[in-house]
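Everything below concerns the one structure shown next.
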Amino acid sequence: MKLLFVLLALGGVCQLHGFKICDRKAPGTIMGNPANCREFYMCRAGRPVLFSCPENMYFDVDSAACGYEAFCVENDINLAEDPLEPLGPQYSPIVADPSRLVPSSGVCQRASAGAIRLDTTGCKSFYQCTKAGPLRLECPAGTLFDSNRMLCDAADLVSCAFAPANPTAGGTITSNLLALLCFGKPNGHKLAHPTNCERYIVCNGRNKPQELKCPPGTAYNKQRKICDFKHNVEC
């Protein structure tokens with residue numbers, strides 16, 4: 001019975017800190033779980049996402065990434081000073097599937113530990129660069145990885161760089177045109193899509209375009225350079 005109480009208490013602590021640790025943090029911020037060195041949170045509006053490092057790896061607070069030689073700070077939890085409070089379901093973390101180390105992938109070449117990289121095969125997952133190699137993390141069910149804001153969010157709200165594009169006449173011509181539009185443009189430069197108002201282009205600084213899709217019900221506003229409500233956009 002005592003063991004059960006301890007387990008329940010730790011579960012409550014995890015939920016409590018999942019909410020507090022992301023309080024006033026920018027969406028997409030990665031924070032270690034103070035109650036478990038193998039876990040970390042991705043902050044977002046509403047419930048944070050709880051990820052776990054692979055077996056024998058721990059979250060390194062210095063690099064904000066999983067590692068075998070990790071500097072882990074487990075905060076002492078004082079229930080007298082930080083009592084468990086009843087939390088609604090909107091504050092309990094969304095638990096993601098276990099992460100997987102994929103050292104054979106070259107997605108993290110020349111990237112520092114802690115860097116986030118997109119999964120070019122789709123938007124269900126993303127990569128975190130670690131000293132041991134790329135770590136593949138899957139967004140929880142019902143969410144996808146937003147390639148613009150770099151976080152897991154509700155699937156109907158995300159901008160996905162690798163979502164299947166709507167077919168357009170002269171696809172090769174369009175691809176060549178996008179590359180031409182990005183020629184000489186700096187990394188992060190945004191452009192309206194020439195044939196589709198619901199999509200826009202982000203240049204990567206190497207004359208390569210990245211095509212992104214605005215969330216449903218919005219279109220790209222060329223003046224404000226954001227996805228805006230369609231009634232505010234001249235298409």
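The values are calculated or read from the model by the stated rules, or taken from the named source; none is laboratory data. Owing to the predicted nature of the structure, the values given are computational and were not obtained by experimental measurement. Using ideal geometry, Cβ is built from the backbone for each residue, glycine included, and neighbour counts are taken over all protein chains shown. Surface accessibility is based on the protein's heavy atoms, side chains included, excluding ligands, DNA and RNA. Shrake-Rupley method; radii C 1.70, N 1.55, O 1.52, S 1.80 Å.
Taking a quarter of the surface of the Cα convex hull of the stretch 177-232, what do you get in nm²?
For the Cα atoms of the stretch 177-232, the hull's average projected area reads 3.5 nm².
Cβ under 9 Å from Cys203's Cβ, Cys203 left aside: what net charge do those residues give with Lys, Arg +1 and Asp, Glu -1?
+4
At a Cα cut-off below 28 Å, give the lysines reachable from Lys131, other chains included and same-chain residues fewer than 8 away excluded.
Output for Lys131: Lys25, Lys208.
Say R0 is 45 Å: what FRET efficiency, to the nearest 0.05, do Asp228 and Ser104 get from their beta-carbon distance?
Step by step, r from the Cβ atoms, then E = 0.65.
What number comes out for the charge environment of Leu118, summing +1 per Lys or Arg and -1 per Asp or Glu over other residues with Cβ under 14 Å away?
That works out to +2.
Multiply the residue gap between Lys190 and Asp156 by 0.36 nm, knock off their C-alpha separation, and tell me the result in nm, one decimal place.
10.0 nm
Treating the beta-carbon of each Lys and Arg as +1 and of each Asp and Glu as -1, no other charges, what is the dipole magnitude of the stretch 177-232 about its Cα centre, to the nearest 20 debye?
140 debye
How many Å² of accessible area per residue for the stretch 177-232, probe 1.4 Å?
Value for the stretch 177-232: 58 Å² per residue.
Which order do peptides 149-159, 179-189 fall in by mean Cβ count within 10 Å, highest first?
Sorting 149-159, 179-189 by mean packing, highest first, produces 149-159, 179-189.
May I ask for the net charge around Cys22, where only other residues with Cβ less than 11 Å from the Cβ of Cys22 are counted and Lys, Arg are +1 while Asp, Glu are -1?
Local net charge: +4.
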